[in-house]
Amino acid sequence: MTTAGDAVWWQRGVIYQIYPRSFQDSNGDGIGDLEGIRRRLPYLRWLGVDAIWISPFYPSPMADFGYDVADYCNIDRIFGSLADFDHLMADAHIAGLKVILDFVPNHTSDRHPWFEESRHSIDNPKRNWYIWRDPKPDGGPPNNWYSHFGGPAWTFDPNTGQYYCHLFLREQPDLNWRNADVRAAMHGVLRFWLDRGVDGFRVDVMSHLIKDEALRDNPPNPAWREGRPDIERLLQIHSGDRPEVHDVVAELRALTEEYDDRVLIGEIYLPIERLMAYYGRDLRGAHLPFNFHLLLAQWDARNIERLIAEYDAAVPPGGWPNWVLGNHDQHRIASRIGAAQTRVAALLLLTLRGTPTLYYGDELGMPDGTIPPEAVHDPWEKNEPGRGFGRDPERTPMQWTADPGAGFSEGRPWLPLAEGWQTRNVASEMDAPRSLLRLYRALIALRRETPALSIGSFRLVPAEGNLLAYDRAAADDTLRIVLNLGAEPADAPTAPGGTVIFSSSGARTDEHVGASTALAGGEGLIVRLGG
């Protein structure tokens with residue numbers, strides 16, 4: 001078992017994701033930037049998080065808002081400059097915050113110099129840096145793969161008479177990671193940022209880096225139903241999660257560990273049994289293969305209990321778990337489960353065994369924004385309009401104050417503010433002792449000072465109905481967490497001699513409990529067991 005003495009920062013700590021366009025604008029153009037993040041470091045320090053993960057800020061045509069990279073070793077002018085980045089890095093480290101960058105290795109922008117060379121001619125030296133293939137005899141695409149953003153995963157290039165592969169937008173051609181020159185170039189990118197002092201990387205769509213060498217068709221998905229995204233029409237067995245990808249991940253891990261105390265995180269949307277492979281042979285893969293199962297789960301106690309049990313049992317010996325409740329690609333937790341459950345959700349995220357990642361604004365209870373058609377930016381929504389796949393609603397600006405622009409910008413924000421920003425903002429919630437923000441801050445502090453919560457063991461406790469219960473323990477300290485995921489009161493299993501040390505309502509601290517304890521709907525407690 002991991003102990004306080006041998007746990008590293010990314011095991012003990014809390015990661016906070018920042019979507020830079022939406023966190024803080026420093027120059028009035030309505031778009032967040034690096035200087036804005038730097039100015040908000042005191043808030044992050046006050047909140048108590050240990051690391052910030054910043055979504056892409058590289059030069060980009062912004063077809064997919066930074067995930068179409070035109071230069072991996074610079075900063076897009078809308079976000080600032082390398083000098084701004086260095087200033088942010090220095091101040092973050094002075095504040096005791098680690099900095100994790102988004103690394104987007106599966107694809108570049110179609111305006112990246114590598115792709116511009118590659119598409120110049122069939123015999124160009126960089127042709128094989130991307131995935132080019134001849135048409136089928138009928139002139140159609142080389143196979144049946146779909147793009148994650150709708151439509152075929154192939155675009156025909158009339159200049160050279162071949163198709164290129166793009167598992168996302170046509171403006172995002174996929175790199176050929178079977179090419180040793182590509183790997184060497186991307187390793188150079190990692191070293192560029194590691195040499196500037198970054199503390200790790202979150203690797204975008206890690207499982208897609210290697211495709212089937214023969215580019216075989218994907219088989220039909222028998223579970224697909226009308227109204228679901230095009231990408232789900234087929235089982236993605238040849239376009240991703242190939243066995244060879246683990247060699248690539250192991251190389252990235254080895255490079256990362258040439259530097260001290262760094263972390264490698266993988267974005268991987270896969271079933272639990274396949275996710276585990278990304279820890280790597282002999283744990284030489286990603287330190288943290290992102291676990292999105294709680295993020296995607298139906299908010300039902302028995303369902304969540306089952307997935308926690310399956311995940312915890314599947315983590316390989318020596319591997320470290322992690323949990324996510326919100327990110328830039330999924331609807332806000334407050335909109336998924338309702339405002340009444342956000343407090344108990346905070347307890348769940350911050351008391352499970354493993355590293356929690358918190359999405360900016362979730363600590364305020366920010367809901368999805370309402371985006372009118374004329375304000376839509378997300379390319380997925382534009383490609384499959386009206387089907388609810390757009391990601392703009394979860395990317396609305398951070399709500400700092402009740403001032404115009406919510407303290408995010410003195411100009412017009414790039415996306416509309418979410419409803420209720422006048423009262424659901426940092427300034428208002430800082431002043432309210434029992435606000436959700438204050439709950440998150442207190443929970444993070446308790447987690448830091450309590451080894452049972454940060455690095456302790458985990459055991460599910462039998463519970464029924466809408467109740468979820470589990471124990472966290474370290475040395476002679478055992479804590480029982482009891483959560484009511486329903487709206488009605490229920491009696492939770494505790495133990496005689498226990499004492500409440502944390503309450504989601506803030507009203508029950510130091511209360512003594514017996515074999516069972518009444519919980520209100522949406523209430524959670526942390527109980528220190530006696531003896």
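The values are calculated or read from the model by the stated rules, or taken from the named source; none is laboratory data. In this text the structure is predicted, and so the values were computed from the model without any measurement. Every residue, glycine as well, gets a Cβ built from its backbone with ideal geometry; the counts of neighbours run over all protein chains shown.
Residue pairs whose Cβ atoms lie under 9 Å apart, separated by 6 or more positions or on different chains, with the first residue in the range 24-43 and touching a residue at least 60 places away in the same chain (Cβ under 8 Å) and among the aliphatic types (A, V, I, L, M) and the second assigned to a helix (DSSP H, G or I) and buried (at least 19 other Cβ atoms within 10 Å of the Cβ), are Ile31/Pro20; Ile31/Arg21; Ile31/Ser22. Among the conditions (1) of a type outside the set (Phe, Trp, Tyr); (2) surrounded by fewer than 19 Cβ atoms within 10 Å (Cβ to Cβ); (3) within 33 Å of the chain's Cα centre (by Cα), the only one that Pro496 does not satisfy is (3). Reported count of residues in the range 482-512, each being at pLDDT below 95 and β-branched (Val, Ile, Thr), is 1. Annotation note: of Asp329, Asp378, Asp362, the sole residue that is in contact with a Gly (Cβ under 7 Å, 6 or more places away or on another chain), more than 24 Å from Gln422 (Cβ to Cβ) and of a type in the set (D, E, K, R) is Asp378. Here the condition is being in a helix (DSSP H, G or I), free of Cβ contacts under 8 Å to residues at least 12 places away in the same chain and more than 23 Å from the chain's Cα centre (by Cα); of Glu374, Glu429, Glu381, it holds for Glu374 alone. The strands (runs of 3 or more DSSP E) falling completely within the range 118-227 that include 2 or more residues that are aromatic (Phe, Trp, Tyr) map to 154-157, 162-165. Residue pairs whose Cβ atoms lie under 7 Å apart, sitting 6 or more positions apart in sequence or on different chains, and linking a residue in the range 68-95 that is hydroxyl-bearing (Ser, Thr, Tyr) to a partner that is in a loop (DSSP other than H, G, I, E, B), are Tyr72/Tyr58; Ser81/Ile75. Only a single item in (1) acidic (Asp, Glu); (2) in contact (Cβ under 8 Å) with a residue 12 or more places away in the chain; (3) part of a helix (DSSP H, G or I) is not met by Glu232, and it is number (2). Looking across the range 329-344, the residues that are more than 30 Å from Leu167 (Cβ to Cβ), touching a residue at least 40 places away in the same chain (Cβ under 8 Å) and not polar (S, T, N, Q) come down to Ala340, Arg343, Val344.
Inside the range 215-229, residues that are over 27 Å from Asn291 (Cβ atoms) and without any contact (Cβ under 8 Å) to a residue 24 or more places away in the chain make up a count of 2.
The residue of the range 390-420 that is farthest from Leu44 (Cα to Cα), among those that are surrounded by 22 or more Cβ atoms within 10 Å (Cβ to Cβ) and without any contact (Cβ under 8 Å) to a residue 40 or more places away in the chain, is Ala406.
Residue check: is Thr355 in contact with a Lys or Arg (Cβ under 9 Å, 6 or more places away or on another chain), polar (S, T, N, Q) and closer than 24 Å to Arg447 by Cα? Against the criterion (in contact with a Lys or Arg (Cβ under 9 Å, 6 or more places away or on another chain), polar (S, T, N, Q) and closer than 24 Å to Arg447 by Cα), Thr355 qualifies.
If you go through the range 439-451 and pick out every residue that is out of contact with any helix residue (DSSP H, G or I) (no Cβ under 6 Å at 6 or more places or on another chain), touching a residue at least 12 places away in the same chain (Cβ under 8 Å) and surrounded by fewer than 21 Cβ atoms within 10 Å (Cβ to Cβ), you end up with 6. Whether any residue in the range 448-458 is farther than 30 Å from Ala313 by Cβ and either touching a Pro at 6+ places or on another chain (Cβ under 8 Å) or assigned to a loop (DSSP other than H, G, I, E, B) (or both) is what I want to check. No, every residue in the range 448-458 fails to be farther than 30 Å from Ala313 by Cβ and either touching a Pro at 6+ places or on another chain (Cβ under 8 Å) or assigned to a loop (DSSP other than H, G, I, E, B) (or both). Among the residues in the range 280-296, are any over 16 Å from the mean Cα position of the chain (by Cα), polar (S, T, N, Q) and either within 29 Å of Tyr19 (Cβ to Cβ) or part of a loop (DSSP other than H, G, I, E, B) (or both)? For the range 280-296, residues over 16 Å from the mean Cα position of the chain (by Cα), polar (S, T, N, Q) and either within 29 Å of Tyr19 (Cβ to Cβ) or part of a loop (DSSP other than H, G, I, E, B) (or both): absent. Would you check if Ala473 is outside the structural domain of Thr355 (by TED's automatic domain parsing), assigned to a strand (DSSP E or B) and closer than 30 Å to Ala432 by Cα? In short, no. A single member of Val69, Val8 is outside the structural domain of Arg438 (by TED's automatic domain parsing) and more than 28 Å from Met366 (Cα to Cα), and it is Val8. Total residues in the range 249-266 satisfying the condition of being surrounded by 20 or more Cβ atoms within 10 Å (Cβ to Cβ) and of a type in the set (A, V, I, L, M): the figure is 5. Give me the residue from the range 37-84 that is of a type in the set (Asp, Glu) and in a loop (DSSP other than H, G, I, E, B) and, out of that set, farthest from His112 (Cα to Cα). Step by step, filter the range 37-84, then rank; the result is Asp50.
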